[in-house]
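Participant: Let me give you the structure first, and then I'll get to my questions.
The values are calculated or read from the model by the stated rules, or taken from the named source; none is laboratory data. These figures come from a predicted structure and were not determined experimentally. Cβ coordinates were reconstructed from backbone atoms using ideal geometry, including for glycine residues, and neighbour counts include every protein chain displayed. Side chains included, ligands, DNA and RNA excluded: accessible areas come from the protein's heavy atoms. Shrake-Rupley method; radii C 1.70, N 1.55, O 1.52, S 1.80 Å.
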Amino acid sequence: MRTVRFEPDAAWEHALAYPDCPCHLLLVAEDGGDIVGWCRAFPGDAGEAAVTVGLGLRPSHRDQGIGTAMLRQALDWARRVGCRQARLTTREDNARAIHVFQRCGFRVAGRADDGLLSMTCDLVDLGFPEQGGRS
Ligand SMILES: CC(C)(COP(=O)(O)OP(=O)(O)OC[C@H]1O[C@@H](n2cnc3c(N)ncnc32)[C@H](O)[C@@H]1OP(=O)(O)O)[C@@H](O)C(=O)NCCC(=O)NCCS
């Protein structure tokens with residue numbers, strides 16, 4: 001999943017150096033031994049019962065339910081470890097991602113001038129009532 005645009009921040013540096021640290025979750029999707037997708041849940045600021053999440057699939061493996069399945073797994077993990085909210089940002093023209101995020105319980109929390117959308121998911125009563133997708 002290497003990309004020239006990836007510049008790890010402090011949370012990524014920690015996750016990559018200490019993959020077994022219980023403060024975060026890193027998931028990968030594999031196909032025939034190749035990593036084809038990833039999903040992360042990183043802790044929010046100190047004292048917050050919140051996580052930030054992100055995910056991505058190789059183009060060849062999109063629209064097969066993998067992203068929905070990984071995101072649901074990450075949200076379930078966050079809820080079980082006591083987090084009350086999940087957050088993410090995405091581009092407001094990323095219709096597929098927004099569809100997946102809303103299906104998993106995210107709602108729009110804010111819009112920035114740079115085309116980025118903030119979304120949050122309340123984990124307290126998370127039950128995935130809308131079980132669409134092929135996960
Ligand atoms: C966004 C992403 C993670 C979703 O994962 P995925 O495995 O492709 O998603 P799923 O297969 O679980 O679900 C895709 C859904 O989006 C729908 N969809 C596809 N293209 C769409 C579009 N242009 N507009 C709206 N919905 C769209 C699919 O029909 C499907 O919904 P359905 O099951 O109700 O039919 C993945 O596509 C991806 O990696 N995209 C590029 C990176 C990215 O955008 N990451 C998120 C940025 S924060």
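Participant: Over the chain, what is the relative contact order in whole percent, taking alpha-carbon pairs under 8 Å and six or more residues apart?
Facilitator: Relative CO of the chain lands at 18 percent.
Participant: A follow-up question, please. Alpha carbon centre of region 8-67 versus region 75-128: separation in Å?
Facilitator: Cα centroid of region 8-67 versus Cα centroid of region 75-128: 15 Å apart.
Participant: Note down the nm distance, to one decimal, between modelled labels 7 Å out along Cα→Cβ at Arg87 and at Asp113.
Facilitator: Between Arg87 and Asp113, the simple spin-label model gives 2.1 nm.
Participant: Using a 1.4 Å probe and ignoring any ligands, DNA or RNA, find the accessible area of Thr90 and quote it in Å² to the nearest 10.
Facilitator: Solvent-accessible area, nearest 10 Å²: 10 Å².
Participant: Next question, about the same structure. What does the accessible area of Glu13 come to, in Å² to the nearest 10, when a probe of 1.4 Å is used?
Facilitator: We get 100 Å² for Glu13.
Participant: Can you give the charge dipole size of the chain about its Cα centre, rounded to the nearest 20 debye, using +1 on the beta carbon of Lys and Arg and -1 on the beta carbon of Asp and Glu?
Facilitator: Result for the chain is approximately 340 debye, rounded to the nearest 20.
Participant: Describe numerically, in nm with one decimal, the distance between label points set 7 Å from Cα along Cα→Cβ at Arg96 and at His14.
Facilitator: The modelled label-to-label distance comes out at 3.2 nm.
Participant: So what's the Cα pair-distance distribution over the chain, bin width 10 Å, in %?
Facilitator: Using 10 Å bins, I get a P(r) of 11, 42, 39, 8, 0 for the chain.
Participant: Then there is this: With all protein chains present, how much of the accessible area of region 10-60 (probe radius 1.4 Å) comes from carbon and sulfur, to the nearest whole percent?
Facilitator: Exposed carbon and sulfur together represent 54 percent of the surface.
Participant: Next question, about the same structure. Per residue, what accessible area does the chain have, given a 1.4 Å probe and all protein chains present, in Å²?
Facilitator: Normalised by residue count, the accessible surface of the chain is 62 Å².
Participant: With a cut-off of 15 Å, note down the residues of region 88-115 whose backbone N falls inside the zone around a label point 7 Å from the Cα of Leu27 toward its beta carbon.
Facilitator: 100-106
Participant: From the helices alone, meaning DSSP H stretches of at least four residues, give me the mean residue ellipticity at 222 nm for the chain, per-run term -39500 (n - 2.57), in deg cm²/dmol to the nearest 500.
Facilitator: Value at 222 nm, helices only, nearest 500: -7000 deg cm²/dmol.
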